[in-house]
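Inspection log for the structure reproduced underneath, given as structure tokens.
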Amino acid sequence: MKVTVKTFLNVRVGKPSVNAPCYQYLAPGTELEVDGNLYPGDRVEGIDTWLKDEAGNYYWSGGVNYAPATPLPLSLDKSEVFYWVQRFGLDEAFERLKEQVTKVRITILDTGIDEKHPDLTNQVKQKENLVWCNKVVDDNDGHGTHCSGILVGAGSLKVKGVLPGCKLNVGKVMNFTTAGFNGLNAETLIDAINTFAPISDVISISAGIPNDVPELHQIIKKFTAEGVLFVAAIGNIESSSTASYPAKYDECIGVGALDANLVLSKHTIRDSGIDICFPGENILSTIPTAMGSYGSKSGTSMATPFVAGIVALIKAKNSSATVSDIKQELAKITENKTLNAFNYNAIINKKLNL
Amino acid sequence: MRTLLTLIASLLLSWCALGQTTPYYDALMLKGYVTPRGFIAPQTKEEKKLLDSILNYYSYKSGQNPFLDQFSTNGEGLSVSEDGKKEGEQPKFLQLAKPISSIGSLDVTNLAEGMALFMIDRAKEELTVSFFNRFKEFTQEHQEIKILFPKTSDCLENLLDVHYAQMLPALRTKFDEDLQNIPNNMADLLDLPQYQPLLREFPEIKITIQTLQIIHQMETGRLTPVDFIAKLGSLEAWNQNNQSSDFNNFRSAIKLGAIFSESLRYKDGTRNWIRPQMLDSLVRDTTCSKIFLGLLYQRLVTENITFKTYDNNTISAAALLAEQKENIDLFQRELYRFIQLAENVDLNIQEIKEKKKKSVKITPDDYYSYINTSLDIIDYSVEVASLFNPEINISDYAYLARKSNNLYRYCYHKDYALAITTTTDIITRFETITKQKKSDNKAKTLLNEIIEKGQNDRYKDFDSELDKNSFHENHLLVRAIKSDNNLKDSTKKALLSYIANSEFNKLVALNPKIITFGLFMAGMVAAETPEEVQLAIENAVLPAGSSSIKKKSEWNIAVQSYLGGFYQLKKASQENTSWNNEFGLHGPIGFSVSYGFKKWGAISGFVSVFDLGAIIDYKLTKDSVITSNGASSGTVVKKEGKITLEQIVSPGVYLVYGFPGNIPLSLGVGTQYGPGLSKISQGGVNVVNNPSWRPCVFLSVDIPLVNLYNKPR
């Protein structure tokens, strides 16, 4: 793929490091052919990803522009986020509502985000670490960055999400996804909602707790009444506990996952709290560059940002839409399916038509 | 990625290198992961790996640790990996090596030599040949005594070949060496082949012996105290099949103590345990304390330590700890107590090291302090279980462990008298344990069955033979049983166990003599003046409390004396006979035959031969004469003349009742033929030549001189 040099850029031989040998530099505007992958290397101005050309020379990624050089090549494989975006007409809806959707305030509560990821650069609006105040929201797990890529991945390099390039509030509510010692419980969620709901229209939560906590329910009810829309993952069978809250609350839009064949995923717990199922298996999205930049994940977590994106589009179309309006709108694009006597609503053939 | 792996590897390695495999260090580290909200939540991937490794090391399971669960959260991200596992779930991390033992060893090999220099040569000819001959015979007759006092036995072999005045210094050296080495000699004694079946049956005895041997390793510097406790907890004998709840409790108590001690181990070999100041950071912070207890709890869960309660219910040590979940203060207090004891050990070690460094001579006292404080902490470790629940019964075994420790302590401090009584206490407690198990009865039933069925004529008189046989003969019998193909394995096992029990009972029966001669040896070693040497002999000949022997025995024959007052029932007709007093002091010496009623005292037939009453009367009078100016004087009256045999011969017959319990008084009634005794007074000597019969009752102190025959109950 081609990128355009935006500032004087040294050519580093052999290593993505400022200490690697350098024999020449490139002038701004120079077009450069690179292999399309990001390599972790020395951090310069907060960016530690590098590009590499065929000859093995490295270029600091902060010194290039991606988008103008070449349009994003999309394979449209079922693992690609944009495959499903296109499949259900979300890209068209986005194009139609592009202006309005930028006004929709979206928040993701997760493990944090890699703000410097090429597909997510400059997209974080407000951020806060709710696990440990005054600490950074860096994502050391990958889950939050993955979900963010699905929701707002700009597609600068590889991942283009439902709302490409949109701004995002990020609340770090857990340090890692594994239950136990990650900092996520009802108290953390309540804090996060209290912090972000006043500045959000849509909140995407790809996490949950196993028990119904009245205080959490109350706070969700309160902000739902104020027009905030909560989209939450219903939980996976593999979870150490059936972490179904807040998804099970009526005020939330509970999300289950479908497999690539649009059948209810084996991972999704069978629960009446599911309002909509969306593909969520083997989704390739962004992960922190230190972990390899891209990776596949499965689960209701992955389906949730897709649905949050849809909810944001509906909200863009109808800024006063309540949760019941949203559910009605979702019902228009879903079909009722049955698997082993379990009934669920899934997006199968219909496209979002806003 | 390689950098990341290297970083993780180096973090883990540094974790190991820093010795962060103890709850103390791990708790401090995890404290750094506690969020302001009070949850443990590592931030970086490396921290997460480290946390996972630690939790994996302690086999932590969510929802099963009342301490650590307080720091966990129940929320989670809802993605799964491609293989269907929960995303982020770590594979079982490689088990980190258990703490490496044998660090910080201290060289104390010169100790034994240093302690052996205690010698004095001021003893005189007061030692009696008869006493030493009896001692010699005793060592020759009993193999066990030869093992318990090997050097003394060798020395006594040649006793009569030389004058014992010349022999005495050497003998005292041998006493000292044997007494000092009693813990090891005792271990050797119980290691004898005839006790092996018993040791197999009662692993607790084996453990006590091994305890003695391990302490010896500590003494010689091959083992540090912290490793000692760990080693004690991992003895193979604990794994021996034994259903006894007491044994189980003891095993659990030791293991619990080992884990407790291990949890506060210092990170490198420069000391054994952490410093008291270091404990502050753990104890003053309740969060840290809870994490520590959580990790400790996890170790207890992993080790699956259980206790039996008095009502025979099983309760895990982890559950006991959990019961005290709200009682953090208790743990904090006890942690301080433990570390204070530990600090004493480490200070002693440091002192010895410093002295070595400066080439200052290390005294036995230095080593005594070291061993003494080490044993204190071992004692404490064994009793940690009772902190959680005072109703846990480990009394028998804790008693044994304590006694074993004390034995070492006493030997180091040359409290040999206490060492001897402790030795016999241990043997007696072994007997208690073996009797409790009633295996003897089981073996006996089996033996009777063999005899009744006529399975093997060879064992017809087995029972009585055992009592008569010497150790050597019984050893041959053991070999014969082992090679007897006609016997079933179970029968062989029972017979061997029976022999072992029988041998053991013989050993227990030797206890009184071990005490007699052992205390004599102890007294001799401690004696620094001729008077003290004499006193040591007198103590051996007239052991305190010996009057109670006849009460506790069924039959007893002894050379006996009484000292007390009499009341004459029928006054002599002539004024100038020897027995013209209605009241008086008497001191007959003769022979007694007694039958004991245990707590109800004893009845004796006493035949007097001599009576020293008048001489004793004189001695007492002399000691209390008041001079004219009121000052006491010991030499106002001088005895004149000589006492002849006829003046003390006084045959008589009495029926004597010895009072119950430990009261050394007797009430007697009988008659005695009065001697032609010189009556001595301040006025001079008045020889009375008209002996006569005197029927009287007396109330006297009971003083047995030598026990000639004793049949225990």
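Since every read-out is calculated from the coordinates, none of them should be taken as a lab result. Every value quoted in this text rests on a predicted model; they were computed, and no experiment measured them. Heads up, the Cβs are rebuilt from the backbone with ideal geometry, glycines too, and the neighbour counts pull from every protein chain shown.
The alpha carbon radius of gyration of segment A:148-257, expressed as a multiple of 2.2 N^0.38 Å, is 1.08.
Charged side chains reduced to their Cβ positions (Lys and Arg at +1, Asp and Glu at -1) give segment A:195-328 a dipole of some 160 debye around its Cα centre.
With 24 Å as the limit, the listed pairs A:Lys15/A:Lys127; A:Lys103/A:Lys127; A:Lys266/B:Lys61; A:Lys248/A:Lys327; B:Lys506/B:Lys550; A:Lys127/B:Lys48 have A:Lys15/A:Lys127; A:Lys266/B:Lys61 beyond it between alpha carbons. Quantify how much of the Cα-Cα distance distribution of segment B:283-329 extends past 12 Å, in percent. Distances greater than 12 Å cover 63 percent of the Cα pairs.
Binning the alpha carbon pair distances of chain A at 20 angstrom intervals from zero yields the distribution 32, 54, 13, 0, expressed in whole percent. Just grab the label-to-label distance for B:Arg37 and B:Lys711, each label 7 Å out from Cα along the Cβ direction, in nm (one decimal). If labels sit at B:Arg37 and B:Lys711, their model points lie 8.5 nm apart. Longer than 21 Å from Cα to Cα, which of A:Lys222/A:Lys315; B:Lys267/B:Lys357; A:Lys158/A:Lys297 are they? Say none if no pair is. In this structure, B:Lys267/B:Lys357 exceed 21 Å between Cα atoms. The order of A:Cys133, A:Cys277, B:Cys288, going from fewest to most other C-beta atoms within 10 Å of their C-beta, is A:Cys133, B:Cys288, A:Cys277. Taking amide H as placed 1.01 Å from N in the peptide plane, A:Lys6 has its amide H under 5 Å from the amide H of A:Gly29, A:Val64, A:Asn65, each at least 5 places away in sequence or on another chain. Available extension along the chain between B:Lys552 and B:Glu323 is 77.7 nm, counting 0.36 nm per residue and deducting the alpha carbon span.
When B:Phe430, B:Phe583 are sorted by how many other C-beta atoms sit within 10 angstrom of their C-beta, beginning with the fewest, the order is B:Phe583, B:Phe430. Note on A:Ala341/A:Asn261: beta-carbon distance plugged into 1/(1 + (r/R0)^6) with R0 of 22 Å gives a FRET efficiency of 0.70. In plain terms, the C-alpha convex hull of segment A:229-354 casts an average shadow of 8.2 nm² when viewed from every direction. Determine, from the Cβ-Cβ distance of B:Gln217 and B:Ser490 and an R0 of 41 Å, the FRET efficiency 1/(1 + (r/R0)^6), rounded to the nearest 0.05. Calculated transfer efficiency: 0.65.
Legend: residue pairs A:Lys52/B:Lys45; B:Lys136/B:Lys513; B:Lys136/B:Lys206; B:Lys599/B:Lys711, Cα-Cα distance threshold 19 Å; pairs beyond threshold, A:Lys52/B:Lys45; B:Lys136/B:Lys206. Computed from the C-beta positions of A:Asp42 and A:Thr7 and an R0 of 22 Å, the FRET efficiency is 0.85 to the nearest 0.05.
Projecting label points 7 angstrom from Cα along Cα→Cβ for B:Thr286 and A:Ser320 puts them 5.2 nm apart.
The Rg/Rh ratio of segment A:207-301, with both radii computed over alpha carbons and Rh defined as the Kirkwood radius, is 1.03. Listing B:Thr422, A:Thr304, A:Thr195, B:Thr516 from fewest to most neighbouring C-beta atoms within 10 Å gives A:Thr195, B:Thr516, B:Thr422, A:Thr304.
Applying the Karplus relation 6.51 cos²θ - 1.76 cosθ + 1.60 with θ = phi - 60° to segment A:50-57 yields 3J(HN,Hα) values of 10, 10, 9, 9, 4, 7, x, 8 Hz, where x marks Gly and Pro. Pairwise alpha-carbon distances in segment A:1-115 exceed 20 Å for 56% of all pairs. Residue by residue along B:31-41, Cβ atoms of other protein chains within 10 Å of the local Cβ number 5 on average. Taking N as the residue count of segment B:251-323, its C-alpha radius of gyration divided by 2.2 N^0.38 Å amounts to 1.25.
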